[in-house]
Amino acid sequence: MILEVVKYGHPALRQKGARIEKITPELQTLIADMLETMYAAKGVGLAAQQVGHALQLTVLDVRGATERPSTLELEGKEADVLAFMPLVLINPEVKGEGDPVKGSEGCLSFPEVFADIERPPLAEVRATNQKGAEIVFRCGGLLARAIQHELDHLNGILFIDRMARADKLELKPELEELQAATKAALKKK
């Protein structure tokens, strides 16, 4: 089922996700729905907060982003990123590595808003997958950037919080309009 992706101004986007203690049938359904929603929106990542659930859960799939390559290491060896997709991360712990580099980012909760955001180029990740197994890997490129972006969502941090001041000022009218439209829609519900 395709879920509604909440937009900037929705309180769920600022909520820190609760740890997931058990993989339940309801959680499996949410994961499947999040993947379907992400694909329908043509995104590469989606956090539970973006569909109104304050949980430590995100889904990712970078297979469609061929112009922005990703790297993956499993147990210290290079691995096929595409074979690792889609990726479900439950209770992820992520450590960025390397000096931050600028890269273009967008967000499904901010339609048509893009900016260069500084993030470490590599990420070391430890999480649980949808089967309850621990996964540990190191990644780079778009996958590292997307995972760090989604981890921020799980902690109530938005990519606009990481924008350069000048970029945020330039986007201020669009951001205020989006926030006002979201709040007006919430009042109607």
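The values are calculated or read from the model by the stated rules, or taken from the named source; none is laboratory data. Everything numeric here is computed off the predicted structure, so don't read it as measured data. With ideal geometry, Cβ positions are generated from the backbone for all residues, glycine too; neighbour counts draw on all protein chains shown.
The lone criterion from (1) surrounded by fewer than 19 Cβ atoms within 10 Å (Cβ to Cβ); (2) closer than 18 Å to residue 51 by Cα; (3) not small (Gly, Ala, Ser) left unmet by residue 169 is number (2). Restricting to the stretch 1-56, count the residues that are of a type outside the set (A, V, I, L, M, F, W, C) and part of a strand (DSSP E or B). Of the residues in that region, 1 qualify. Restricting attention to the stretch 143-163 and to residues that are surrounded by 23 or more Cβ atoms within 10 Å (Cβ to Cβ) and charged (D, E, K, R), the residue that is farthest from the chain's Cα centre (by Cα) turns out to be 145.
With respect to the conditions (1) surrounded by 14 or more Cβ atoms within 10 Å (Cβ to Cβ); (2) modelled with pLDDT of 95 or more, residue 65 falls short on a single one, namely (2). The requirement of being free of Cβ contacts under 8 Å to residues at least 40 places away in the same chain and under 24 Å from residue 61 (Cβ atoms) is fulfilled somewhere in the stretch 150-158, by at least one residue. Restrict the check to the stretch 88-105 and report whether at least one residue is in a strand (DSSP E or B), surrounded by 15 or more Cβ atoms within 10 Å (Cβ to Cβ) and among the hydroxyl-bearing types (Ser, Thr, Tyr). Looking for residues that are in a strand (DSSP E or B), surrounded by 15 or more Cβ atoms within 10 Å (Cβ to Cβ) and among the hydroxyl-bearing types (Ser, Thr, Tyr), one finds none in the stretch 88-105, hence no.
Only one entry of 114, 84, 110 meets the criterion of being surrounded by fewer than 17 Cβ atoms within 10 Å (Cβ to Cβ), of a type in the set (Phe, Trp, Tyr) and within 17 Å of the chain's Cα centre (by Cα), and that entry is 114. Please work out if residue 140 is surrounded by fewer than 17 Cβ atoms within 10 Å (Cβ to Cβ) and in contact (Cβ under 8 Å) with a residue 40 or more places away in the chain. In short, no. The residues in the stretch 30-63 that are small (Gly, Ala, Ser) and touching a Phe, Trp or Tyr at 6+ places or on another chain (Cβ under 9 Å) can be counted, and the count is 0.
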